[in-house]
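Undergrad: Could you have a look at this structure, given as structure tokens, before my questions?
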Amino acid sequence: MFCNQCGGRIADGSVFCNLCGAKQGVVAPAQGAQPGMPSGGAPMSQPYNPSAPVQAAASPPMPQNFKCNSCGGPMKPSAGLALVVCEYCGAVTTMGAGGAAEVFQKHFMLNNKLTNETAMESGGKWLNKGIFRRKVAERSELGAVTLRYVPYWVVPTSVVADFQGTKNAGAGGGAGMMMHGDGKQKAAGAALFALTMAAAAAGGQNRNVQVNQPQVVRVRDRIQLQRNIPVVAVRGYAQYQPEDGFTFELSNKMNFDKRQTGGVDVQSGDISEAEAKAQAAALAHKFAEREAKKRVDNLESIQVYPTTYDGELLHAPVWFMEYAHKGKQMFILIDGGSGQVMNGERPAFALW
């Protein structure tokens, strides 16, 4: 027989369970009842086992079809979608727990301002940018060029970060700016580094010239940032995630109107706002670390405290360009609203 409290096997006719001590009520099993089953046929509870594998909970069933809450048009969502775009009016329906659906109100878009030719021109200028790249665009083979309206969660995020490190005040000055700054900061850092190295070289040739010896200064500071971080809302679209620091020109946004897309493919999404907030917090760590490395040459430690707020959904026109350079396949991602490169790959050196 089995204990009516813990379900463990005990000797037939036992008054108390020798495992848990619970008092037993002797009940004759019904005819045809299986061992371990009460007379009603329901399985008895099993003792708790902390090492037992956790059973994954089944996801709520996705409704096979329903009507758009905005225009009443039929919708047939695919499994796993969190954002479903109505093919008739373009309204986005968010899929909640248990298949609950509601129209997402904070839904905006940017107009595409690029043609196929101007998009390729923007990509070509980006490829050739840099003193170590010569005619990369002219020596590359262009592949597919695709325009899509891609959904992005724009998550307002505030970041506070405390960091400490060391900064070289002598010959190594400017190294942090040169490595981690933006275009102007890299140029300033490179100039400072070159000047200090030139002074050091002159000092080596002329012993009468005084040269400042490298000095290490300890830095302890705080960073405070405010960012509208875009997170691509389509799983598997890693190449569509903007590079660190890119932001859309939200001053040009307008309420989503499918008629303004010109028939371009409008993507649905499978990443919820909660998941986008978690990704934005992770990206905030990278932003803070990059900013800290501009201020020191050796970052020793950093503590980042991001706070995310409710965001909005933005369908942005994105040009995805594939090309090959010396047999290597690469890509460029261009914002159709501003013409800026959002992400991409290009050779570090291409002088011949």
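The values are calculated or read from the model by the stated rules, or taken from the named source; none is laboratory data. Computed from a predicted structure; not experimentally measured. Virtual Cβ from ideal backbone geometry, glycine too; neighbours counted across all protein chains shown. Each accessible area value is taken on the protein alone, full model and side chains, heavy atoms only, with ligands, DNA and RNA left out. Shrake-Rupley method; radii C 1.70, N 1.55, O 1.52, S 1.80 Å.
Undergrad: According to the square roots a ≥ b ≥ c of the eigenvalues of the Cα gyration tensor, what is the shape class of segment 266-325, taking rounded for a/c under 1.5, prolate for a/b larger than b/c otherwise, and oblate for the remainder?
TA: Details: a/c = 3.31, a/b = 1.40, b/c = 2.37.
Verdict is oblate for segment 266-325.
Undergrad: To the nearest 10 square angstrom, what accessible area does Cys6 show with a 1.4 Å probe?
TA: Here the accessible area works out near 30 Å².
Undergrad: Next question, about the same structure. Any chance you could list P(r) for segment 291-352, counting all Cα-Cα pairs in 10 angstrom bins from zero, rounded to whole %?
TA: The percentages, shortest bin first, are 15, 24, 28, 29, 4.
Undergrad: Okay, moving on. Which distance in Å, rounded to a whole number, links the C-alpha centroids of segment 276-323 and segment 85-151?
TA: Each part's Cα centre sits 20 Å from the other's.
Undergrad: Sort 137-148, 243-254, 158-169 by the packing proxy (mean of other Cβ within 10 Å over each peptide's residues), most packed first. Walk me through the numbers on the way to the answer.
TA: Numbers: 137-148: 14.8, 243-254: 13.2, 158-169: 17.6.
So the order, starting with the most tightly packed, is 158-169, 137-148, 243-254.
Undergrad: May I ask which of Lys135/Lys253; Lys125/Lys294; Lys113/Lys135; Lys253/Lys277; Lys167/Lys286; Lys125/Lys253 have a Cα-Cα span longer than 28 Å here?
TA: Working: Lys135/Lys253 35 Å; Lys125/Lys294 26 Å; Lys113/Lys135 26 Å; Lys253/Lys277 21 Å; Lys167/Lys286 20 Å; Lys125/Lys253 26 Å.
In this structure, Lys135/Lys253 lie more than 28 Å apart at Cα.
Undergrad: OK, next. Under the 0.36 nm per residue contour assumption, what length would be gained going from the current alpha-carbon distance of Lys328 and Arg220 to full extension? Don't skip to the answer; put the middle values down first.
TA: Details: separation 108, 0.36 × 108 = 38.88 nm, distance 4.32 nm.
Additional length available on full extension: 34.6 nm.
Undergrad: Computed over the Cα atoms, what is the radius of gyration of segment 248-293 divided by 2.2 N^0.38 Å, N being its residue count?
TA: Details: Rg = 15.8 Å, N = 46, 2.2 N^0.38 = 9.4 Å.
That ratio works out to 1.68.
Undergrad: Give me a comma-separated list of calculated 3J(HN,Hα) values for segment 112-121, in order, Karplus coefficients 6.51, -1.76, 1.60 applied at θ = phi - 60°, integers in Hz, x for any Gly or Pro.
TA: In residue order, the calculated couplings are 7, 10, 10, 9, 4, 5, 5, 5, 5, 5 Hz.
Undergrad: Another one. Between the DSSP loop rule and a limit of at most 11 other Cβ atoms within 10 Å, which trypsin sites (Lys or Arg not before Pro) in segment 272-352 are left? Can you show the working numbers first?
TA: Working: sites: Lys277, Lys286, Arg290, Lys293, Lys294, Arg295, Lys326, Lys328; in loops: Lys326.
Qualifying residues, ordered by number: Lys326.
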